[in-house]
Amino acid sequence: MKVDLNRTVAYVTIMFLFYTVKAQIVLSGEVRPRFEYRHGFSTPIDSGQSSSQFIQQRTRLNFGYSHEKIKLGIVLQDVRVWGNQSQANNNDINTYGLHEGWAEYLFTKKLSMKLGRQELGYDDERILGAVDWAQQARSHDAMVLKYVDSSWAIHAGVAYNQDKVSNVATAYTIVGSYKEMQYLWLHKQIKQLKISLLGLNVGQQSPVSVGGTRYITTAGTRIEYKTKPLFVGANFYYQTGDDITSTSTGKPKKVNALLGSIDIAYTIKEKFLMGIGYEYISGQSKTDTTKAYNDVNHAFNPVFGTNHKFNGYMDYYYVGNHLNNVGLQDFVVRLGYNEKTWGIALDFHQFITAANALNTKELAKTGEYKALDSNLGTEIDLTLTYKLPNNVMIKGGYSHYLVSNTLATIKNVKDYKGDGRTNLTNNWAYLMISFKPTFLNGNK
């Protein structure tokens, strides 16, 4: 009887505590498997290669808590390819971990401080984005001071990274990360007009000094104008600082690069969309051999941008590739149609170099630095979406890339004559299902 009474008291206590705090708790999940067919994805396929097929899945458990002046967010994440473990696996590979783990303190209703591992996404995510398309996405270990009112938003962030605890100075060695970061984001909304200013300073480990850091600064603006039928968006960013590479004299190469873009879209009866756009991303000419030019890096780096959103869905540009290359000009035409539960979109991209690509065949033959044709080819992207009840979405797409000789040459995919290979089909298709259930929502 005593045991039963103790159990009853414990049960009632737990239920009481759960009931009193559930108003501040949100618990949700995500399961997102995606099938992909790749045949020339991110780089033209060669004749000795075959297509690949796989299913990759993201699984998340999201926990949120808020109470008066405190907010907490924890996102546990597992990313794996179906079949990359045996069915009786007892030694799990490192596919899971903490995607987000942060705490936020609200000094006032307008001013707060957020600390810990967190996603950073601003404006159209051209420079700072969460990269949600990638199953692993991106998060930062950072502190962000935020001020927000009815028309202004100001965020100031800082991060300092090391790869281990040490009693002496060590070089930062984590691949794909950075040593330091500071940024300031200002956002103002005036009726239908939104204006943002971003200054981002990223420090990389110096290759010549354990305690040294080389900084690259990106500064610019995002402007959006939106009414019910019309949308206009424009970006301009300038990049300067010290590159991670060095000149022939051992000094850091200076950076002098820029990105500019404009997008215009018009929606008819809130269903049919027509749009055009242009983006210029500066690059490094491969035909200018002067020391003065090559002591400067003219190739723009989108830094932490959600690059899959831009320049075609086959990820030929700036998704882990095409950095320090000839840059890009992207002309795009967009068509779309959306109903309540389904939608279809069709994009046409024409890609052109922003700087001269080198004709390596001519160089080998004559020793002269001549430029290839500026055409990088055409990409067509078709996307279909269908929404089911209870936060379930089905999304699929097909993309086709019409490769040019110039693109295949700079991607180093050549035929038996030494020309860029253009006679093979390059396409990609995917089918993705997203389940996003909410298990508990104490905010309702």
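The values are calculated or read from the model by the stated rules, or taken from the named source; none is laboratory data. Keep in mind that what you see is a predicted model, and the values were worked out from it rather than measured. Note: ideal-geometry Cβ built from the backbone for every residue, glycine included; neighbour counts use all protein chains shown.
Looking only at residues of the stretch 330-369 that are of a type in the set (S, T, N, Q) and touching a residue at least 12 places away in the same chain (Cβ under 8 Å), we find that the one that is surrounded by the fewest Cβ atoms within 10 Å (Cβ to Cβ) is THR341. Looking at THR385, THR409, just one residue is touching a residue at least 24 places away in the same chain (Cβ under 8 Å) and outside any strand (DSSP E or B), and that residue is THR409.
Within the stretch 77-107, the set of residues being in a loop (DSSP other than H, G, I, E, B), at pLDDT 90 or above and closer than 30 Å to VAL158 by Cβ comprises PHE107 only.
For THR245, the criteria (1) closer than 25 Å to LEU328 by Cβ; (2) surrounded by fewer than 14 Cβ atoms within 10 Å (Cβ to Cβ); (3) at pLDDT 95 or above hold in every case but one, which is (3).
Scanning the stretch 254-286 for residues that are closer than 27 Å to THR360 by Cα and surrounded by fewer than 17 Cβ atoms within 10 Å (Cβ to Cβ) yields a count of 2. Just so you know, in the stretch 124-154 the residues that are of a type in the set (Val, Ile, Thr) and touching a Gly at 6+ places or on another chain (Cβ under 7 Å) include one that is farthest from ILE190 (Cα to Cα), and it is VAL144. The numbered conditions (1) farther than 30 Å from LYS340 by Cα; (2) without any contact (Cβ under 8 Å) to a residue 24 or more places away in the chain; (3) not hydrophobic (A, V, I, L, M, F, W, C) are all true for ASN235 except (2).
Taking the numbered list (1) surrounded by fewer than 18 Cβ atoms within 10 Å (Cβ to Cβ); (2) over 27 Å from TYR430 (Cβ atoms) in turn, ASN321 passes all entries but (2). Filtered by the rule that a residue be surrounded by fewer than 17 Cβ atoms within 10 Å (Cβ to Cβ) and touching a helix residue (DSSP H, G or I) at 6+ places or on another chain (Cβ under 7 Å), the stretch 389-441 gives GLY418, ASP419, LEU440.
Could you list, in sequence order, all residues of the stretch 423-444 that are part of a loop (DSSP other than H, G, I, E, B) and either farther than 20 Å from ASP381 by Cβ or at pLDDT below 95 (or both)?
Applying the first criterion (part of a loop (DSSP other than H, G, I, E, B)) to the stretch 423-444 yields 423-425, 436-437, 442-444.
Answer for the stretch 423-444, where residues must be part of a loop (DSSP other than H, G, I, E, B) and either farther than 20 Å from ASP381 by Cβ or at pLDDT below 95 (or both): ASN423, LYS436, PRO437, GLY442, ASN443, LYS444.
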